[in-house]
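A.B. asks: Provided herewith is a single structure, encoded as structure tokens, for subsequent inquiry.
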Amino acid sequence: MSLKKLEGKVALVTGASRGIGREIALLFAREGAHVVLTARNEAALGEVAAQIRAAAGSEPMLAALDVKNAQKVGAVVQGALDKWGRIDILVNNAGVTKDGLFVRMSEEDWDEVLDTNLKGTFLCMRAVSKAMMKQRSGRIINMASVIGLTGNAGQANYAASKAGIIALTKSVAKELGSRNVLVNAIAPGFIETDMTQALGEDVRNAILKTIPVGVFGKPSDVARTALFLASDESAFVTGQVITVDGGMVM
């Protein structure tokens, strides 16, 4: 008997080339899932695919995907259905930031962040929901942020997109629950990624003072939460936002 938590499941992870998305894809593959990896640049997925082959012995499906493009989203989902006949898990991790003070924020910077983070999440959810409803099972995991709960100066667009993801998660959870399609969000705090490593020492120290546990999180902290939400262990959990933030927004 397999002890792997996602044995034979098919999981689509957007924004899988680095950081949190990469960590989730690797963990899901190690736990027995067939993984579909997407990023805007397919070449960026090569390293993750190699790690999956080495760690899990499985062959991931790779796809270049701009989540703002409904047609391309539909094509990737259809490709997974053609290959495996089902889709069990969607992780909406693709996201961008275009930070700037609200009074000087361009429409382009507003649209790019809202279209990628919020509309992209909507398009991917919509694309998988029909198959999941037909199967009468599915897990959708949306990547929100603590910024969607607290707001943040200089990130009005990002905060709005992540708060929108939270409301979208709850609404769709209510619509799909009767078909055993569970929809939840994770709101990471400050996680050690390329983005946080670019912060200056003073900024990092100031942030650390706001985190009760006194350290930044690791991508694996978020990945393990995603694994819980993707697995049978969370069978009675839907419409929730789990903050993985070391107590920052408590």
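A.B. asks: Give the dimensionless ratio obtained when the Cα radius of gyration of the range 191-250 is divided by 2.2 N^0.38 Å.
C.D. replies: On the way: Rg = 14.0 Å, N = 60, 2.2 N^0.38 = 10.4 Å.
Here the Cα radius of gyration is 1.34 times the empirical estimate.
A.B. asks: With all distinct Cα pairs included, what does the Kirkwood hydrodynamic radius of the range 118-157 come out to in Å, to one decimal, could you say? Write out the running numbers ahead of the final one.
C.D. replies: On the way: mean 1/r = 0.0821 Å⁻¹.
So the Kirkwood estimate lands at 12.2 Å.
A.B. asks: Based on the alpha carbon coordinates of the range 1-90, what radius of gyration and maximum Cα-Cα distance (Dmax) apply, in Å?
C.D. replies: Gyration radius and largest Cα-Cα distance of the range 1-90: 12.2, 41 Å.
A.B. asks: Calculate the FRET efficiency for residue 130 and residue 171 from the Cβ-Cβ distance with a Förster distance of 22 Å, rounded to the nearest 0.05.
C.D. replies: Working: r = 17 Å, r/R0 = 0.78.
About 0.80, to the nearest 0.05.
A.B. asks: Let me ask another. Near residue 149, within a Cβ-to-Cβ distance under 15 Å, what is the net charge of the other residues, with Lys and Arg +1 and Asp and Glu -1?
C.D. replies: On the way: positive: 162, 170; negative: 245.
Local charge sum for residue 149: +1.
A.B. asks: To continue, here is another question. If you average the sequence gap of Cα pairs under 8 Å that are 6 or more apart and divide by the length of the range 141-250, what percent do you get for the contact order? Working shown, then result.
C.D. replies: Details: 163 pairs, mean separation 38.6, N = 110.
Computed value for the range 141-250: 35 percent relative contact order.
A.B. asks: Along the principal axes of its C-alpha atoms, what lengths does the range 127-201 span, in descending order and rounded to whole Å?
C.D. replies: Cα spread of the range 127-201 along its principal axes, largest to smallest: 50, 21, 17 Å.
A.B. asks: Further question on the same structure: Taking K and R as +1 and D and E as -1, what net charge do the other residues with C-beta under 14 Å from the C-beta of residue 105 add up to? Present the calculation step by step, with values, prior to reporting the outcome.
C.D. replies: Numbers: positive: 98, 104; negative: 99, 107, 108, 109, 111, 112.
Once all neighbours under 14 Å are counted, the net charge is -4.
A.B. asks: While we're on this one: Under unit Cβ charges (Lys, Arg +1; Asp, Glu -1), what dipole magnitude, rounded to 20 debye, does the chain have relative to its Cα centre?
C.D. replies: Details: 28 positive and 25 negative charges, 180 e Å.
That gives a dipole near 860 debye.
A.B. asks: OK, next. So what's the projected area for the range 10-243, the Cα convex hull averaged over all directions, in nm²? Present the calculation step by step, with values, prior to reporting the outcome.
C.D. replies: Values: hull surface 50.6 nm².
Mean shadow area of the hull around the Cα atoms is 12.7 nm².
A.B. asks: Something else: Filter the chymotrypsin sites (Phe, Trp or Tyr not before Pro) in the range 152-250 down to the DSSP loop ones having no more than 16 other Cβ atoms within 10 Å, then list what survives. Spell out each step's value before the answer.
C.D. replies: Numbers: sites: 158, 190, 216, 228, 236; in loops: 190, 216, 236.
Here the sparse-neighbourhood loop sites are 236.
A.B. asks: Let me ask something else about it. With all distinct Cα pairs included, what does the Kirkwood hydrodynamic radius of the range 45-137 come out to in Å, to one decimal, could you say?
C.D. replies: Working: mean 1/r = 0.0659 Å⁻¹.
Its Kirkwood hydrodynamic radius stands at 15.2 Å.
A.B. asks: Once Rh is set to the Kirkwood radius over Cα pairs, what Stokes-Einstein translational diffusion coefficient, in µm²/s, holds for the range 105-250 at a temperature of 37 °C and a viscosity of 0.692 mPa s?
C.D. replies: Values: Rh = 16.2 Å.
Estimated via Stokes-Einstein, D reaches 203 µm²/s.
A.B. asks: For labels at residue 81 and residue 195 in the simple 7 Å Cα→Cβ model, what's the distance in nm?
C.D. replies: 3.1 nm
A.B. asks: Next question. Using mean Cβ contacts within 10 Å as the protection proxy, how do 117-124, 194-201 order, highest first? Intermediate values should be presented prior to the final figure.
C.D. replies: On the way: 117-124: 23.2, 194-201: 10.1.
The peptides rank, most packed first, as 117-124, 194-201.
A.B. asks: Right, another one. Mean-square fluctuation check for the chain, GNM, Cα pairs under 10 Å: which of 107, 23, 175 is largest?
C.D. replies: Maximum among the listed residues: 107.
A.B. asks: Next up: Go through 95, 143, 234 and say which Cα lies farthest out towards the positive end of the charge dipole of the chain; charges sit on Cβ, +1 for Lys and Arg, -1 for Asp and Glu.
C.D. replies: Most positive-ward Cα: 234.
A.B. asks: Strictly over 32 Å apart at the Cα level, which of 5/98; 9/68; 98/209; 9/162; 4/209; 5/130 would you flag in this model? Mind showing how you got there, number by number?
C.D. replies: Values: 5/98 37 Å; 9/68 26 Å; 98/209 25 Å; 9/162 27 Å; 4/209 38 Å; 5/130 24 Å.
Beyond 32 Å: 5/98; 4/209.
A.B. asks: Something else now. For the range 10-243, what does the relative contact order come out to in percent, with C-alpha contacts under 8 Å and a separation of six or more? Write down the numbers at each step before the final one.
C.D. replies: Details: 437 pairs, mean separation 45.6, N = 234.
Value for the range 10-243: 20 percent.
Bear in mind these aren't lab numbers, they're just calculated from the coordinates by the rules spelled out. Not measured: the values here are computed from a predicted model. We place every Cβ from the backbone using ideal geometry, glycine too, and count neighbours over all the protein chains shown.
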